[in-house]
Amino acid sequence: KAGVTQTPRYLIKTRGQQVTLSCSPISGHRSVSWYQQTPGQGLQFLFEYFSETQRNKGNFPGRFSGRQFSNSRSEMNVSTLELGDSALYLCASSLFIQGGPDTQYFGPGTRLTVL
Amino acid sequence: GDSVTQMEGPVTLSEEAFLTINCTYTATGYPSLFWYVQYPGEGLQLLLKATKADDKGSNKGFEATYRKETTSFHLEKGSVQVSDSAVYFCALREEGGSNYKLTFGKGTLLTVNP
């Protein structure tokens, strides 16, 4: 079974631009979560989607948004990029079993550099 | 809120040495506990997990036991290899609520020398 895929793998943008990152979950997984990884803050939760609905959101400004499609693929968007948005953005997918989600499996990430 | 504290790195060992990476947690409920590993330039891979007290997770020679009384989930391996060089993250997820986010520790960089 194919793993979580993320596109693009690398991205370079300039301040003020916006960016869209894409994530395709493992087949059959309906829950998709996004995390930001930086050297200073470590791994921080951005948001989680299930059946096209955002269920949870981390402590990030409104410039960070996302959505999920009917095939469970997800995108996240960052508008008005700032230098501090440079990070590795990781997507994770999981099955949803009785009582809650199963293990989260991560993709390789998208490395975003903001100049 | 929930938090995870890992031992500060970096950790440098010789091949075949014994490895311990300490992890303690603070949680309001009954979390599941995880160890993830990140190799250079890659995403996170699940190494092992435990979902309730006294459970032992194991994989590829790594082990960790869920200790509720000490709120710990220390990672151990009896004999490390050069290929184990990576960053190791301890994480927790609260169960029974509606927020399924993972809360991670800062990560511990392990370097194994031949």
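The values are calculated or read from the model by the stated rules, or taken from the named source; none is laboratory data. Remember, it's a predicted structure, so these values are computed and weren't measured experimentally. Virtual Cβ from ideal backbone geometry, glycine too; neighbours counted across all protein chains shown. The protein model used for the area step is the full one, side chains on, heavy atoms only, and it has no ligands, DNA or RNA in it. Shrake-Rupley method; radii C 1.70, N 1.55, O 1.52, S 1.80 Å.
Given the peptides A:70-83, A:32-45, arrange them by the average over their residues of other C-beta atoms within 10 Å, most packed first.
Numbers: A:70-83: 16.1, A:32-45: 18.9.
Top of the packing list down: A:32-45, A:70-83.
Going by accessible surface with a 1.4 Å probe and the largest first, A:L88, B:L13 read B:L13, A:L88. Taking θ as phi - 60° and the Karplus parameters 6.51, -1.76 and 1.60, the scalar couplings of the range B:46-55 work out to 5, 9, 6, 8, 8, 10, 8, 3, 6, 5 Hz in sequence order, x denoting glycine and proline. Shown here is the pair-distance distribution of the range B:11-108: with all Cα-Cα distances grouped in 10 Å bins from zero up to the longest one, the shares run 16, 50, 28, 6, 0 percent.
Mind scanning A:K13/B:K106; B:K60/B:K101; A:K57/B:K101; B:K49/B:K106; B:K56/B:K77; B:K52/B:K106 and naming the pairs with a C-alpha gap bigger than 21 Å? It would help to have the intermediate numbers written out before the result.
Numbers: A:K13/B:K106 27 Å; B:K60/B:K101 26 Å; A:K57/B:K101 9 Å; B:K49/B:K106 18 Å; B:K56/B:K77 13 Å; B:K52/B:K106 23 Å.
Result: A:K13/B:K106; B:K60/B:K101; B:K52/B:K106 exceed 21 Å.
Taking the alpha carbon gyration tensor of the protein assembly as shown, multiplying each eigenvalue by 5 and rooting it gives semi-axes of 29, 21, 16 Å, largest first.
Find out how many positive minus negative residues lie around A:S74, taking Lys and Arg as positive, Asp and Glu as negative, among other residues whose Cβ is under 14 Å from that of A:S74.
Taking every other residue near A:S74 into account, the sum is +2.
Unpaired Cys in the protein assembly as shown, meaning no second Cys C-beta under 4.7 Å: none found. Here B:K60 and A:R111 are evaluated by their C-beta separation; at R0 = 30 Å the FRET efficiency comes out at 0.70. Averaged over the residues of peptide A:37-44, the number of Cβ atoms from other protein chains lying within 10 Å of each residue's Cβ is 4. The distance linking the range A:2-80 with the range B:72-114 is 22 Å (Cα centroid to Cα centroid, whole angstrom).
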